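Report on one structure; see the data block that follows.
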Amino acid sequence: MSDECCGPVKTPAPVEPAIEDACCGSTTPAVASEGMEVEQPTPWWRDRALLLPIASGVLWVAGLLLSWAGAETAALSAHVLALGAGAWTFVPGTLRRLVQGRGRGRLGVGLLMTLAALGAVLLGHVGEAAALAFLFSLAEALEDRSMDRAKQGLRALLALIPETARVARASGPEVVPAAELRRGDVLLVGAGDRVATDAVVIEGRSWMDTSAITGESIPVEVGPGDEVHAGSVNGAGSVQLRATADGRDNSLTQIVRLVEQAHAAKGERARLADRIARPLVPVVLVVAALVALLGIVTGDLLLWIERALVVLVAASPCALAIAVPVTVISSIGSASKLGVVIKSGAAFEQLGTVRTVAFDKTGTLTRNDPRVVDVATAPGRSREDVLAVAAALESGSSHPLAAAIVAAADTSAEATAVQETPGHGITGQVGGRSVRVGNPRWIAPGELAARTQEMASRGMSVVLVEVDGRVIGAIGVRDELRAEAAETIAALHAQGIRTVMLTGDNALTARAIAAAAGIDEIHAEQLPADKAAHIRRLAAQTPTAMIGDGINDAPALASATVGIAMGVTGTAAAVESADVAFTGTDLRQLPAALAHARRGRRIMTGNIALALAIIVILFPLALFGVLGLAAVVLVHEVAEVVVIANGMRAARTRGRALQGPVMFVGQDQPDPAPVGGRA
């Protein structure tokens, strides 16, 4: 069926972000040529960086089996190959960082693992070296893969920019590539067209779906002098716009830059194990070197060089390398039972530190599904009469408010001579009477003025119904708060977590929603850059999570300590920009996930403490020759078993799975809110 409101919606060609920065390349996104395919993530079985650690693990296990079978030569060969496959993933990078890096940036777990593996090989323990290489390479590969996936949603952002735009020229309308638009160009935007760059209306009236940029759940009216953002979808009217930004530098391309910059900053955050290893590495290296030099002084060079190598093995982070990955893998796997997908080990570690949660409104706290929640009637008129008359006209409209009114009406009459007036409402004939349905700026509410104002104060969009010049009713439409939202906020407050709302909606709506949900701090009428700036300020004070579902939330999700996307309803850009995604839409997943992450982090911290304790104990014993290599290796193996067993405890979940159907607030429940009147 033809869309009477939006007309034929054009599917824009994908565009290629070419951004030159520390994370991903050029800062000037370019519109892709027609037919360009969006790059898909590499399947794990074709990912060379992941296949090498897997091959290393298989060869290591094969070596163990061959050794038990008595085939020592074959076992040694398998372990050498396992060591080579695992070491290839981190040794070259470690050496480059050692040569090209600065300060402590040269050091890390990679260097210590390289030296420990080298020491084990020199002492004849190739199997031990292969085990170290396999475990560390697997942890690194999984982390790198998760970071790469975080960049894939950017194409979804730029795909909102149409490939071409109609521009008014002296010789007549001309179609030009969107990337060639310049500030001051006059754009001709028809019904259903997507706006190619930021602009201001100079002629015509219509309504715009701005949800991609502001998160506004209901289209807003625009007229001469009103600003329009790139990516907005025009409604039924035709408008002329004057571009206020170039085609390559507008709201959407700025979103891409914000997301890229946030991901680049996140990429610099070292994991917990690496932060611990950095001060440990220079100490171990200095002591091992001094021990070796002691052999020159005493004249027993071979003895002290061997002891130096034992010191390196004693200080090797075997248990430390396992402590974090085994806990993270166990926790991430069990988190899926709570309907939570955690994308990386770093994200899991950060999730356990969160003390502030910022919420988007539309689609996160609310259902993003406007419904009729109140009807005010003039004397002598019933709710059913008002809805039936309104539905008769609205049944031919594709406006979101129209759909809500038609859904709420039990019956509707047949309307004729229906005509939609962009930015105002709709007119027609019902049963031989003249009917108008529209916003309070077009139809004076008359005796229903007080009720209309009261509806608006509760965050409703108000639609007035007029028959033969007399207002017979006012219909309140609102994007309802999720039923579990207030329970979720209360649970977070009980955990000592601060809550904040960031939304592109108007302040009146935001206050109504926040009051119903129990959120005290509100920031309304926020553009994506504003949201990202707020998140950065919050994250500078305390670890902060941002939860949202729209493209406009992507910069804030990427800027947060942990970005959380509503996975089922969220856009691809939001989901890929986030560190965590919900498989369902029940907000009660959030406090359960945070509690689960805190428990996992406690287990991880305990494992790291045990691993460090082993190093602290073995180090002096190896240094003074109390323990030889065999004893040191035995203690390390026992410690690894203990660490693995402790890490597996993180697989237990104390919350319940939250993937079932969600109950929503009905008309008889306390009121929350949505947005402005019919545009």
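Each value in this text was obtained by applying a stated rule to the coordinates, not by laboratory testing. A quick note: this is a predicted structure, and the numbers were derived from the prediction, not measured. No Cβ is skipped: glycine too gets one built from the backbone with ideal geometry, and neighbour counts run over all protein chains shown.
Numerical summary
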| quantity | calculated |
| --- | --- |
| In nm, spacing of pseudo-spin labels at D300 and R169 (7 Å Cα→C-beta vector) | 9.0 nm |
| D505 long-range amide H proximity, modeled H, under 5 Å | E525, Q526 |
| Summed side-chain charge close to A199 - residues other than A199 whose Cβ falls under 14 Å, Lys, Arg +1, Asp, Glu -1 | -3 |
| Peptides 62-72, 351-361, 376-386 ordered by average Cβ neighbours within 10 Å, highest first | 351-361, 376-386, 62-72 |
| Hz values of 3J(HN,Hα) by residue in region 84-96 - Karplus curve (6.51, -1.76, 1.60), Gly and Pro given as x | x, 5, x, 5, 4, 7, 10, 5, x, x, 4, 5, 4 |
| Cut-off 9 Å between beta-carbons: net charge of the residues surrounding T499, Lys and Arg +1, Asp and Glu -1 | -1 |
| Cα extents of region 384-451 along the three principal axes, largest first (Å) | 29, 26, 25 |
| Descending principal axes extents, region 353-482, alpha-carbon based, whole Å | 66, 29, 27 |
| Sorted peptide list for 477-483, 620-626, 225-231, criterion being average Cβ within 10 angstrom, highest first | 477-483, 225-231, 620-626 |
| Distance between region 450-475 and region 354-380 - C-alpha centres, whole angstrom | 18 Å |
| Built amide H within the under 5 Å cut-off of S232, gap 5+ | V195 |
| Square roots of 5 times each gyration tensor eigenvalue, C-alpha, region 443-497, largest first, Å | 37, 10, 6 |
| Over region 448-597 - Rg/Rh using Cα atoms and the Kirkwood inverse-distance radius | 1.06 |
| Placed amide H near R182: partners under 5 Å, 5+ positions off or other chain | G247 |
| Over region 478-557: Kirkwood hydrodynamic radius from C-alpha pairwise inverse distances, Å | 13.2 Å |
| Formal net charge of residues neighbouring G548 (Cβ-Cβ distance under 11 Å; K, R +1; D, E -1) | -1 |
